[in-house]
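A short worksheet on the structure shown next.
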Amino acid sequence: MEAKKGFYITTPIFYPNAKLHMGHAYTAVLCDSVARFHRSRGEDTYFLSGADEHSEKVVRAAAAAGVPLQEYLDRIVENFHALYALLDVSIDQFIRTTDQTVHWPGAQEMWRRMVAAGDIYKATYRGWYCVGAESFVQEKDLRAGGLCPDHDEKPVLMEEENYFFRLSKYAPLIADKITRDELRIVPETRKREILSFIAQGVEDISFSRPREKVTFGIPVPDDPSHRMYVWCDALANYITALGYGREDTALFQTFWPADYHVIGKDILRFHAVVWPAMLLSANLPLPRHILVHGMITSGGRKMSKSLGNVIDPMALVEAYGTDAVRYYLLREISPFEDGDLTVEKFHEVYHAHLANGLGNTVARITAMASQHLEAPPEVPLLPLPARYVRAFEACDVKTAADYVWEEIAALDRTIQETQPFKLVRIDRTAAQEVLRDLVVRLAQVGRLLAPLLPRTAAAIAEAVRANTKPPALFARKEALPTLPLP
Ligand code: ME8
């Protein structure tokens, strides 16, 4: 085992070609709750996110918006930060691949190591390139009309001299490590999927583009006529952010290898095959887990701008609040399957589980306690329940949240069964006993909620401490808001 001490979790670095939508918010909030859980246990925790900037998609988006490239990038990255702040996404660092001080030295160092290992060579490539996917697409995979299988656009035929990376050389070793869970792909279905992909044969991959063919990118070491392929550049972010290739490598020593790279299923191959191969070639340890979550759909269809069904997370936060959005993402969607989100469903869940559920329970207990208890009860620091801990350790945040909502339901049952509001008129001491027990259990619910709904958790802790009823945590909403499309 390596000597590293900290817990390290990452989101993908997102393309700043548009504002983030609910799908990106999902990954970020999922990682955030796991990071908060580990921090709350006193673990040294590092949570990374960022922007993948050297993409022709971004260049196209800036041109379409009629804004100079750098200004466009800065503006969108500003929007990423604003969304993270609204959703309480507690990242420790936000890396930008255009950052020549933070990112470039390590990306170039990694390239040099791959060269030294004999894994980079020059060859002529002829094939179809899809800018939407930022990857080559095989002719056999093209859809009717010559369209990219995943994007509504026609790839362009390219013939050019590229540097190639010997991905094929590492495929068997990677399959072996995945099979033995040395590199653990979660869930199991994704593990099988990637193993069968590798079994079909993996070819070497083009890893550079001629300088004049791309707008920007990291220069290939010792050959400035080439720029690194955007995925080669992007994947390196997970270690360059920690100081790899720079002078101060303290973070790298503490946190690499990553405990969890959290990604959507759309980018599984890059993370489970290309990235491990790059690391093996550079003689660096592999990440421990890759958590592959499903896609967020809206009304049963993948949320995408071209379908016009994207929901702007900022508008949803505006209408319902931070913790309502976090709740939906963390509890209503399983990290291991696709999940659906419509404004109608959100509205319904908000009332059923937050306004009438948690919010109501908190209001009832704190109202009775503040009325009938002279002082807040002593709250013992209870151990975290094993099922909750196991769930969080496996990034199964939904199961952790289910546990908390079972506790909330149990509180409601106790109130039903003991009727402290009636009991108080018959036997005040007995009623106070019941109320103290309810408050202690509510305090524990608040503690368990902290990684999921930090604001609500803080409000509960404060209400318990001060023995007061807090203002409504989740106010009822009259009508369905009409959300502006981004
Ligand atoms: O792929 N449901 O960036 P990207 C759930 N820059 N998650 C979704 C989603 C949806 N409908 N849509 C997007 C890239 N995501 C590269 C990554 S990493 C070295 C480089 C989330 O902006 C999910 O995490 O296209 C997905 O993998 C990611 O956003 C893709 O973001």
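The values are calculated or read from the model by the stated rules, or taken from the named source; none is laboratory data. Everything numeric in this text was worked out from a predicted model, so none of it was measured. We place every Cβ from the backbone using ideal geometry, glycine too, and count neighbours over all the protein chains shown. What goes into the accessible areas is simple: the full protein's heavy atoms, side chains included, and nothing from ligands, DNA or RNA. Shrake-Rupley method; radii C 1.70, N 1.55, O 1.52, S 1.80 Å.
For the reader, a short list of remarks on this structure follows.
- Of note, residue 83 satisfies the criterion of being more than 12 Å from the ligand (Cβ to nearest atom), touching a residue at least 12 places away in the same chain (Cβ under 8 Å), within 21 Å of residue 325 (Cα to Cα) and touching a His at 6+ places or on another chain (Cβ under 9 Å).
- Out of 191, 213, sole residue that is away from the ligand (no atom under 15 Å from the Cβ), in the same structural domain as residue 264 (by TED's automatic domain parsing) and closer than 22 Å to residue 61 by Cβ: 213
Residue-by-condition table, conditions (1) modelled with pLDDT under 95; (2) open to solvent by 10 Å² or more (accessible area, probe 1.4 Å); (3) in a helix (DSSP H, G or I); (4) of a type in the set (D, E, K, R):
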residue	(1), (2), (3), (4)
336	no, yes, no, no
348	no, yes, yes, yes
351	no, yes, yes, no
363	no, yes, yes, no
367	no, yes, yes, no
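- Note on the stretch 17-133: enclosed helices (runs of 4 or more DSSP H) holding 3 or more residues that are among the acidic types (Asp, Glu) are 69-86.
- Scanning the stretch 16-58 for residues being of a type in the set (Ser, Thr, Tyr), open to solvent by 10 Å² or more (accessible area, probe 1.4 Å) and either without any contact (Cβ under 8 Å) to a residue 60 or more places away in the chain or outside the structural domain of residue 209 (by TED's automatic domain parsing) (or both) gives a total of 1.
- Members of the stretch 371-421 that are in a helix (DSSP H, G or I) and open to solvent by 50 Å² or more (accessible area, probe 1.4 Å): 371, 386, 387, 390, 393, 398, 406, 407, 413, 416, 417, 421
- Those helices (runs of 4 or more DSSP H) lying entirely in the stretch 216-301 with at least 2 residues open to solvent by less than 10 Å² (accessible area, probe 1.4 Å) and within 13 Å of the ligand (Cβ to nearest atom): 230-235, 237-240, 275-281
- Among the conditions (1) within 25 Å of residue 448 (Cα to Cα); (2) more than 9 Å from the ligand (Cβ to nearest atom), residue 4 misses just one, which is (1).
- Of all residues in the stretch 278-300, none are touching a residue at least 12 places away in the same chain (Cβ under 8 Å) and either acidic (Asp, Glu) or under 30 Å from residue 467 (Cβ atoms) (or both).
- Of the residues in the stretch 312-323, at least one is within 16 Å of the ligand (Cβ to nearest atom), farther than 30 Å from residue 218 by Cα and part of a loop (DSSP other than H, G, I, E, B).
- Subset of the stretch 324-354 (residues that are closer than 15 Å to residue 477 by Cα and in contact (Cβ under 8 Å) with a residue 60 or more places away in the chain): 324, 325, 343, 344, 347, 350, 351, 354
- Leading residue by the ranking (farthest from residue 121 (Cα to Cα)) among those in the stretch 138-177 that are among the acidic types (Asp, Glu) and open to solvent by less than 50 Å² (accessible area, probe 1.4 Å): 153
- Number of positions in the stretch 103-119 that are crowded, with 20+ Cβ neighbours inside 10 Å and among the aliphatic types (A, V, I, L, M): 3
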